[in-house]
1. Looking only at region 1-36, which residues are acidic (D, E), touching a residue at least 12 places away in the same chain (Cβ under 8 Å) and assigned to a helix (DSSP H, G or I)?
2. Return only the number of the condition from (1) in a helix (DSSP H, G or I); (2) free of Cβ contacts under 8 Å to residues at least 40 places away in the same chain that V57 does not satisfy.
3. Please find, within region 37-46, the residue that is farthest from the chain's Cα centre (by Cα) out of those that are touching a residue at least 24 places away in the same chain (Cβ under 8 Å) and either closer than 9 Å to L76 by Cβ or exposed (fewer than 13 other Cβ atoms within 10 Å of the Cβ) (or both).
4. Condition first: surrounded by 12 or more Cβ atoms within 10 Å (Cβ to Cβ) and either among the small types (G, A, S) or modelled with pLDDT of 90 or more (or both). Can you find one or more residues in region 60-74 that meet it?
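The values are calculated or read from the model by the stated rules, or taken from the named source; none is laboratory data. As the structure is a prediction and not an experimental result, all values here were calculated from the model. Neighbour counts are summed over all protein chains in view; Cβ atoms, including those assigned to glycine, are modelled from backbone coordinates with ideal geometry.
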Amino acid sequence: MSDTDHDMISMVNNELSLQLPEDLSMAELKEQLTQHINHLINTDFEKLIFYLYRIDVHEERMKQLLQQQEGENAALLIAQLIIDRQLQKIKSKAAFNATAPDQSSEERW
């Protein structure tokens, strides 16, 4: 498992209040995340909206994707958007850390 995979699972667990195993493959993570999102769609849609806002999934991008792929599994599409957004955050943090190697982590964030 790569550091990115580990970081991804940690971020998803933290931001979605989950306790997924840290050793999941990306495919397993996507499957587990899809199941959780489907559950939220059916039982607590407001909580799903809160999580999407907290993760910073762009609402317009999500609406556009759901419209373009109408009939597809909405939970799967949302799970992929969450994974994509978390990967962007991981890459941004790595790029920032690479440009400021002489600062402590507290000073950077």
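1. Let us first name the residues in region 1-36 that are acidic (D, E), namely 3, 5, 7, 15, 22-23, 28, 31.
Then drop every residue that is not touching a residue at least 12 places away in the same chain (Cβ under 8 Å), which leaves 5, 7, 15, 22-23.
Scanning region 1-36 gives D5, D7, E15.
2. Evaluating V57 over (1) in a helix (DSSP H, G or I); (2) free of Cβ contacts under 8 Å to residues at least 40 places away in the same chain leaves (1) as the failure.
3. Step one: filter region 37-46 for residues touching a residue at least 24 places away in the same chain (Cβ under 8 Å), giving 37-38, 41.
When the remaining residues are screened for being either closer than 9 Å to L76 by Cβ or exposed (fewer than 13 other Cβ atoms within 10 Å of the Cβ) (or both), the result is 37-38.
Details: I37: 11, N38: 15 Å.
Here the answer is N38.
4. The initial filter retains those residues of region 60-74 that are surrounded by 12 or more Cβ atoms within 10 Å (Cβ to Cβ), namely 61-62, 65-66, 69, 73-74.
So of that shortlist, the ones also either among the small types (G, A, S) or modelled with pLDDT of 90 or more (or both) come out as 73-74.
Yes.
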